[in-house]
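The values are calculated or read from the model by the stated rules, or taken from the named source; none is laboratory data. Because the structure is a prediction, the values reported are computed rather than measured. Backbone-built Cβ (ideal geometry, glycine too); neighbour counts: all protein chains shown. The accessibility values were calculated without ligands, DNA or RNA, using every heavy atom of the protein model including side chains. Shrake-Rupley method; radii C 1.70, N 1.55, O 1.52, S 1.80 Å.
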Amino acid sequence: MMKLFVLLGSLNAFLSVALGAFGAHILKQKLTPDKLDVFQTGVHYHMIHAIALIAIAILSDKLGNTSMVNASGWAIFIGIILFSGSLYALSLTGIKFFGPITPLGGLSFLVGWILLAIAALK
């Protein structure tokens with residue numbers, strides 16, 4: 001799992017940088033400031049949690065409680081998809097359907113962080 005979370009973290013960090021550049025250079029002229037802010041929030045959380053996946057990979061070896069640490073990594077990864085993905089979709093399409101998905105991603109982030117904390121305590 002360690003290699004998988006490093007891979008997922010690295011690829012998501014790459015995507016975050018690419019999407020941030022896309023937002024700054026292309027979408028800046030195409031989106032309203034509010035929609036661009038929504039997009040940039042997605043990029044911000046995307047990068048933070050991509051780095052978290054890499055940290056989780058490293059910690060999985062150190063903490064030893066691999067099932068809890070792995071569950072943390074998967075929750076963080078799902079959070080990236082739901083939270084950042086829904087913000088990207090909402091800002092680019094304006095379709096309100098994506099709005100209610102964002103809190104599910106936030107909840108997934110919270111679950112991932114609490115699982116990591118529990119793994120550290122055990």
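Points worth noting:
- Candidates 79, 105, filtered to the one that is closer than 19 Å to residue 115 by Cβ, in a helix (DSSP H, G or I), modelled with pLDDT of 95 or more and touching a His at 6+ places or on another chain (Cβ under 8 Å): 79
- If you check 72, 86 for being farther than 19 Å from residue 3 by Cα, within 13 Å of the chain's Cα centre (by Cα) and either of a type in the set (A, V, I, L, M, F, W, C) or at pLDDT 95 or above (or both), only one passes: 86.
- Qualifying residue in the stretch 28-39 (condition: assigned to a helix (DSSP H, G or I) and within 12 Å of the chain's Cα centre (by Cα)): no
- Of the residues making up the stretch 45-86, just one is in contact (Cβ under 8 Å) with a residue 60 or more places away in the chain, open to solvent by less than 50 Å² (accessible area, probe 1.4 Å) and among the aromatic types (Phe, Trp, Tyr), namely 77.
- Being open to solvent by 50 Å² or more (accessible area, probe 1.4 Å) and of a type in the set (Phe, Trp, Tyr) is a condition met by at least one residue of the stretch 21-33.
- Cβ-Cβ under 7 Å pairs, at least 6 apart or on other chains, the stretch 1-22 side within 14 Å of residue 41 (Cα to Cα) and among the hydroxyl-bearing types (Ser, Thr, Tyr), far side buried (at least 19 other Cβ atoms within 10 Å of the Cβ) and at pLDDT 95 or above: 16/43; 16/46; 16/47; 16/50
- Pairs meeting the criteria (first residue in the stretch 97-122 and farther than 18 Å from residue 47 by Cβ, second residue assigned to a loop (DSSP other than H, G, I, E, B) and among the small types (Gly, Ala, Ser), beta carbons under 9 Å, at least 6 apart or on different chains) are 119/64; 122/64.
- Positions within the stretch 29-44 being in contact (Cβ under 8 Å) with a residue 12 or more places away in the chain and of a type in the set (D, E, K, R), in sequence order: 35
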